[in-house]
Number of protein chains: 2
Amino acid sequence: MSAERYAVGVDFGTESGRAVLVSCVDGREIGASVYPYRNGVIDERLPVPHDGVPLEPDWALQDPEDYLRTFQEALPALLAETGVDPADVIGVGIDFTSCTMLPTLADGTPLCLLGDLRADPHAWVKLWKHHAAQPEADRINAVAAERGEPWLPRYGGRISSEWFFSKALQILDEAPDVYARADRLIEAADWVVWQLTGTETRNSCTAGYKALWSKRDGFPAGAFFAALDPRFEHVVDEKMSRRIVPIGVRAGGLSERAAAWTGLPPGTAVAVANVDAHVSAPAATVTAPGAMVIIMGTSNCHILLGDREEPVEGMCGVVEDGVVPGLFGFEAGQAAVGDLFGWFADTSVPPDLHERARRLGTGVHEVLEEEAARLRPGESGLLALDWWNGNRSVLVDADLRGLLVGMTLSTTAPEIYRALIEATAFGTRVIVDAFEDAGVPVERIVACGGLPDRNRLLMQIYADVTGRELAVAASSQTPALGSAMFGAVVAGAARGGHDSIVEASSRMAHLRSETYRPVAAHHAVYDRLYPEYVRLHDLFGRGGDDVMRTLKQTQREA
Amino acid sequence: MSAERYAVGVDFGTESGRAVLVSCVDGREIGASVYPYRNGVIDERLPVPHDGVPLEPDWALQDPEDYLRTFQEALPALLAETGVDPADVIGVGIDFTSCTMLPTLADGTPLCLLGDLRADPHAWVKLWKHHAAQPEADRINAVAAERGEPWLPRYGGRISSEWFFSKALQILDEAPDVYARADRLIEAADWVVWQLTGTETRNSCTAGYKALWSKRDGFPAGAFFAALDPRFEHVVDEKMSRRIVPIGVRAGGLSERAAAWTGLPPGTAVAVANVDAHVSAPAATVTAPGAMVIIMGTSNCHILLGDREEPVEGMCGVVEDGVVPGLFGFEAGQAAVGDLFGWFADTSVPPDLHERARRLGTGVHEVLEEEAARLRPGESGLLALDWWNGNRSVLVDADLRGLLVGMTLSTTAPEIYRALIEATAFGTRVIVDAFEDAGVPVERIVACGGLPDRNRLLMQIYADVTGRELAVAASSQTPALGSAMFGAVVAGAARGGHDSIVEASSRMAHLRSETYRPVAAHHAVYDRLYPEYVRLHDLFGRGGDDVMRTLKQTQREA
């Protein structure tokens, strides 16, 4: 047993940071520790003493000190709890929400820690779900389309307000002084690695998926940035870095300072940063083409590997070395999945079902699932378009909205709940079809994230709708496990880790033995309903009928 | 005061019979008495001792003795309660749900009272919402269309399974022995008048709206009936009557037997029968073209008067003398209104709103209305097609279903509630437009029925959507008041009544002083949303997109 070595993965989520300690031999979880961010999501006003500063709608900030406190609190707790000898911990990896970015000085000091800038919201961390840079995203999309930027097809033809240059440009637009003071604009993912190692690195995953970088072409040309704003022409050279490090590479060793925070030995290998969704793929055993990983939570994120860069309609992005070194990682997404079911449970379920949940000592989701599972495919007579939060793939249109059709006076809440699950499954099938139509095969699906644990009906419906077998990752903490795996990789096999993420995945990642296979009779019914979904999807999503946009416009004017 | 005379109206509803005594001078209600039918709606099994006879789905029967018990119970109670001298009651009118029909012997004895037929469901009264004659309705529609029957356009091109010949043909199809034993097939409306007077009459309203009769052309030709079934060729001459009496005519005087039941003097004038919705028009002050009466309850029924018989798309029917003698009465309808709001309140409202209703000591509808009233038009961002129970006008398609579009993760239950109200208002506007397009003007709207009392927001939205002033009938019992008015008419002015329904209406019917006027700014928003409703209405309702029918078919197969 003394030969067993361990790696730590730290997953920086939206509300908390989670540190997990796993065995490098078989990936089993030895312990976990969570630090709930003191300042959480900052979306109404800045923290005390600057809480007189209100935030505009669509803003979402974070406090970078919460990330450091995750190291200072969760890591020592984890070591204490597990009793593992810190000397046996050979590597650390981290993953982060993305794009979550901040402006810093040249030494990495966040601008929001400077006394004179602390009251300026633009000096803080812009969280992934900060959506106030939509005007900048619109400008980027318009200019890119007009100039025929060659990188645009890699992102399905449109970039998001959440992404790096949208947020950076918003700082320049609205707070040119903050922009001027920023020596660096950096992903929080890379910033925390910098804090651990003392060395600034930039990882290929966030650069590729969120900052328009590619291994072959680098960043967009200065002329493009200049077309957005002359002051923006040299943003890459002035505030970022052209040295992008592939994931799976050692960023450095743990600094003395970080060793003191965490209780781990100085010099412990630290991997370059990664993104929560993408790092989940190898943690879900997927390191080769053919299997689509779906991270199912509040939203769905689809990760798929390919040998070549294929243009796929409406995907979020394709990045070489973005998920597994040496392969192209494709990303697609659905903007509302768990959020949609949560919305329904919160707003649309009558008291008797809540009461039954209370009586059974369970949740209303469980009661809905149980009732919905009694229904046969097609029995509800309902069909939905799952666009309650817009469409992220393949239409890439945030203005789209939900639709439900087929209601009668006999329609029940569990029937609608099931129709919403089916709609997200149809949406996933549209994405699967888009990949296959572009020549990127999807033979099977591996699910991970929070939903597969909680909703077996959802898994079966995804299998029945897509006609593919669904496996489920054994770990319910795939991001942290994946990060730990990258920690084991940068430590290397010689030190008790692994020499590649493929090898780490084959040893440390596992699937549950139980899988969900499509039931032929169910698949046949969904094969009849799917063309109905696709027809409505195309009608309302591709400009045939603009009612959703008109309603949004009318709502704004009201 | 001794000169004041009274009339009695008896409204036979779905669950009970209601007798109202009103002043012939000003229509004020002196008293009311309700008899809840002992056997109510018979839709699962026949009453004891034949409760071993189960009914098929879609069946709905009634017990004719419940109608007689209404006379025997409610009338004496009404006289006792009001203390009015029976000699001062000069006339009686009745109205009924329709088409509600039964088979009888030549003397009026219902076949279900015969010992050997009591266990046969076909011997009982078929209630208006008996929907098991759909195959017969389909056959009638197919044969009529094929033969190009001249009466078909008067009914918007399609007749209902609820109507007289659908039900009569079902008896012939499924119980030829019952059909053979029936000397008469008769509307329950006419049957109760027969029981009061001893004289069989057939009224122009049910004959016109439910039995394909018109003043100019009479009933369909024998060849048409023969094409349905050779045994059906002479149904009119064998089982019905060609002598159709216009409403507003005296059917006879109260028989000795009925006088004993009711406590009214023998010989009291009794009007020919009427239908609940249609008799409401004069009770809502409308006896001339230009004003549309909407009876708002579980469904909406629209009554409009015209000088000429115009073909109006998708109306339920147009009948000369059908509502007011000398005019053409047009009828249209919406199949789910109060039922739709009730469905929503029962199935789709979360516990916190129910809890608030409880705390306030009110109902969940009131809480929804209060919240929905805070919203501006367009603010919900939602639009619905109100077809939870199919579409009765102008599409006349029971297979259509509900649709809701525009939902986001911020959508609330009161927003959906408001969108459903707006959808029924848009549906009414489609009907208004169909009439105006056909040259039948709709200058203003008078609402009556159960909903106007309960939902002021609904009234305002109808005004805002249609751009027309909405008045509300003063009486909340317009059917019974209308029936009493016809009682006063058949008594005549010389006896303290009135000589015409127009005169009776001008004296006995009233509007509330408060009306609902369109708010210009609201109307402007709805004018922008209405074309969206119409486009979706036409797309899903006129065959452009058959998803609703496909879903229904898939549901059936599941």
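The values are calculated or read from the model by the stated rules, or taken from the named source; none is laboratory data. Please read these numbers as outputs of a predicted model, since none were measured by experiment. Glycine also receives a Cβ, built like all others from the backbone with ideal geometry; neighbour counts cover every protein chain displayed. To get the accessible areas, we keep the full protein, side chains included, count just its heavy atoms, and leave off ligands, DNA and RNA. Shrake-Rupley method; radii C 1.70, N 1.55, O 1.52, S 1.80 Å.
Leaving ligands, DNA and RNA out of it, report the carbon-plus-sulfur percent of the accessible area of the protein assembly as shown at a 1.4 Å probe.
Reported share for carbon and sulfur atoms: 49 percent.
Taking only the alpha-carbon positions of the protein assembly as shown and ignoring solvent, what does the Debye formula give for the base-10 log of I(q)/I(0) at q = 0.06, 0.07, 0.09, 0.10 Å⁻¹?
Treating every Cα as an identical point scatterer, log10 I(q)/I(0) equals -0.59, -0.74, -1.00, -1.15.
Which of A:ILE186, A:TYR209, A:PRO110 sits closest to the plus end of the dipole of region A:102-217, meaning its Cα is farthest towards the positive end, when Lys and Arg get +1 and Asp and Glu get -1 on the C-beta?
A:TYR209
Please give the residues of region A:301-329, grouped as numeric ranges, whose backbone N is less than 18 Å from a label point set 7 Å along the Cα-to-Cβ vector of A:ARG444.
Zone members listed by number: A:303-306.
About the Cα centre of the protein assembly as shown, what is the dipole size in debye to 20, counting +1 per Lys and Arg Cβ and -1 per Asp and Glu Cβ, all else neutral?
On the way: 100 positive and 154 negative charges, 10 e Å.
With Lys and Arg at +1 and Asp and Glu at -1, about 40 debye.
Solvent-accessible area per residue for region B:426-558 at a 1.4 Å probe radius, Å²?
On the way: 5010 Å² over 133 residues.
Averaged over the residues of region B:426-558, the accessible area is 38 Å².
I need the calculated FRET efficiency for the pair B:ASP538 and A:ALA260, taking r as the beta carbon distance and R₀ as 60 Å, to the nearest 0.05.
Details: r = 71 Å, r/R0 = 1.19.
The pair B:ASP538/A:ALA260 has a calculated efficiency of 0.25.
Have a look at B:THR515, B:MET240, B:GLN170 and report the one farthest towards the positive end of the charge dipole of chain B, computed about the Cα centre with Cβ charges (Lys/Arg +1, Asp/Glu -1).
After comparing all options, I get B:THR515.
In whole Hz, with x marking every Gly and Pro, tabulate ³J(HN,Hα) for region A:210-223 from phi via Karplus 6.51 cos²θ - 1.76 cosθ + 1.60, θ = phi - 60°.
Values, residue by residue: 10, 10, 6, 8, 9, 4, 7, 10, x, 8, x, 6, x, 4 Hz.
Please give the Cα centre distance for region A:480-507 versus region A:121-197, rounded to the nearest Å.
Taking the Cα centre of each part, region A:480-507 and region A:121-197 sit 32 Å apart.
Just to confirm a number: summing +1 for Lys and Arg and -1 for Asp and Glu over residues other than A:ASP399 whose beta-carbon lies under 11 angstrom from that of A:ASP399, what do you get?
Neighbourhood net charge equals +2.
With the cut-off at 1.5 for a/c, could you classify region B:104-178 from its C-alpha gyration tensor as rounded, prolate or oblate?
Because a/c hits 1.5 or more and a/b exceeds b/c, region B:104-178 counts as prolate.
Please give the calculated 222 nm ellipticity per residue for chain A, where each DSSP H segment of at least 4 residues contributes -39500 (n - 2.57) and the sum is spread over every residue; nearest 500 deg cm²/dmol? Before the final figure, lay out the partial values.
On the way: 21 runs with 215 residues, N = 558.
The per-residue figure over chain A is -11500 deg cm²/dmol.
Which lysines have a Cα lying under 28 Å from the Cα of A:LYS552, excluding residues fewer than 8 positions away in the same chain?
Excluding near neighbours in sequence, the set is A:LYS126, A:LYS129, A:LYS167, A:LYS210.
Remind me, relative contact order of chain B in percent, using alpha carbon pairs under 8 angstrom and six or more residues apart? Before the final figure, lay out each step's value.
Working: 1254 pairs, mean separation 91.3, N = 558.
Value for chain B: 16 percent.
Counting pairs of alpha carbon atoms under 8 Å apart in space and at least six apart in sequence, what relative contact order in percent does region A:42-141 give?
Contact order relative to length: 34 percent.
Using mean Cβ contacts within 10 Å as the protection proxy, how do A:287-300, B:171-184 order, highest first?
Numbers: A:287-300: 22.4, B:171-184: 19.0.
So the peptides A:287-300, B:171-184, ranked by packing, come out A:287-300, B:171-184.
Roll a 1.4 Å probe over the protein chains and send me the accessible area per residue for region B:322-406 in Å².
Counting only protein heavy atoms, the per-residue value for region B:322-406 is 31 Å².
Once the Cα gyration tensor of region A:1-103 is diagonalised, what are the square roots of 5 times its eigenvalues, in whole Å and ordered largest first, as equivalent ellipsoid semi-axes?
Equivalent-ellipsoid dimensions as semi-axes: 34, 13, 9 Å.
Rounded if a/c is under 1.5, else prolate if a/b beats b/c, else oblate: with a ≥ b ≥ c from the C-alpha gyration tensor eigenvalues square-rooted, which is region A:402-487?
Because a/c hits 1.5 or more and a/b fails to exceed b/c, region A:402-487 counts as oblate.
HN-Hα J couplings of region B:504-510 from phi, Karplus 6.51/-1.76/1.60, θ = phi - 60°, integer Hz, Gly and Pro as x?
After applying 6.51 cos²θ - 1.76 cosθ + 1.60, I find 4, 5, 5, 9, 9, 9, 9 Hz.
Please label the shape of region B:236-336 as rounded, prolate or oblate, based on the square roots a ≥ b ≥ c of the eigenvalues of the alpha-carbon gyration tensor (a/c under 1.5 means rounded; beyond that, a/b larger than b/c means prolate, else oblate).
Verdict is prolate for region B:236-336.
Assigning unit charges at the beta carbon (Lys, Arg +1; Asp, Glu -1) and nothing else, what dipole magnitude in debye, to the nearest 20, does region B:384-476 show about its Cα centre?
For region B:384-476, the charge dipole is close to 280 debye.
In Å, the Kirkwood hydrodynamic radius of region A:61-217 over pairs of distinct alpha carbons?
For region A:61-217, the Kirkwood estimate is 17.0 Å.
Do me a favour and compute the ellipsoid semi-axes for region A:338-381 from its Cα gyration tensor, root of five times each eigenvalue, largest one first, whole Å. Please list the in-between numbers first.
Numbers: eigenvalues 66, 38, 17 Å².
Here the semi-axes work out to 18, 14, 9 Å.
Based on Cβ point charges of +1 for Lys and Arg and -1 for Asp and Glu, what charge dipole magnitude is obtained for chain B about its Cα centre, in debye rounded to the nearest 20?
600 debye
How big is the gap, in Å, between the Cα center of region B:262-314 and the Cα center of region B:370-419?
Region B:262-314 and region B:370-419 have Cα centres separated by 29 Å.
Got a number for the accessible area of A:HIS523? Probe 1.4 Å, square angstrom, nearest 10.
50 Å²
Just to check, using Stokes-Einstein with a Kirkwood Rh over alpha carbon pairs, what's the diffusion coefficient of chain B at 25 °C and 0.890 mPa s in µm²/s? Provide the component values of the computation, followed by the final result.
Working: Rh = 24.2 Å.
This corresponds to a translational diffusion coefficient of 102 µm²/s.
Once the label point is placed 7 Å from Cα along Cβ, list for A:PRO531 the distances to the corresponding points in the other copies, in nm, shortest first.
3.3
Below 8 Å between Cα atoms, with a sequence gap of 6+, how large is the relative contact order for region B:294-442 in percent?
Taking the mean separation of contacting Cα pairs over the length of region B:294-442, I get 24 percent.
Would you tell me the mean number of C-beta atoms belonging to other protein chains that fall within 10 Å of each C-beta in B:376-383, as a whole number?
Mean shielding by partner chains, rounded to a whole number: 5.
Please report the buried accessible area for the interface of A with B, total over both chains, probe 1.4 Å, in Å² to the nearest 100. It would help to have the intermediate numbers written out before the result.
Numbers: alone 20700 and 20770 Å², together 37400 Å².
Adding both sides of the contact gives about 4100 Å².
For chain A, with the dipole built from +1 on Lys and Arg beta-carbon atoms and -1 on Asp and Glu ones, taken about the Cα centre, which of A:ALA281, A:THR14, A:THR298 lies farthest toward the positive end?
A:ALA281
Give me the inter-chain shielding for A:393-405: mean count of other chain Cβ atoms within 10 Å, whole number please.
3
Check each residue of region B:347-373 and keep those whose accessible area, probe 1.4 Å, is at least 10 Å² smaller with all protein chains in place than in the chain alone; give them in order of residue number.
When all protein chains are present, B:THR347, B:SER348, B:VAL349, B:PRO350, B:PRO351, B:HIS354 each give up 10 Å² or more of accessible surface.
What distance in nm separates the simple spin-label points at B:GLU557 and B:SER410, each placed 7 Å from Cα in the Cβ direction?
Each label point is offset 7 Å from its Cα along the Cβ direction, giving 4.1 nm.
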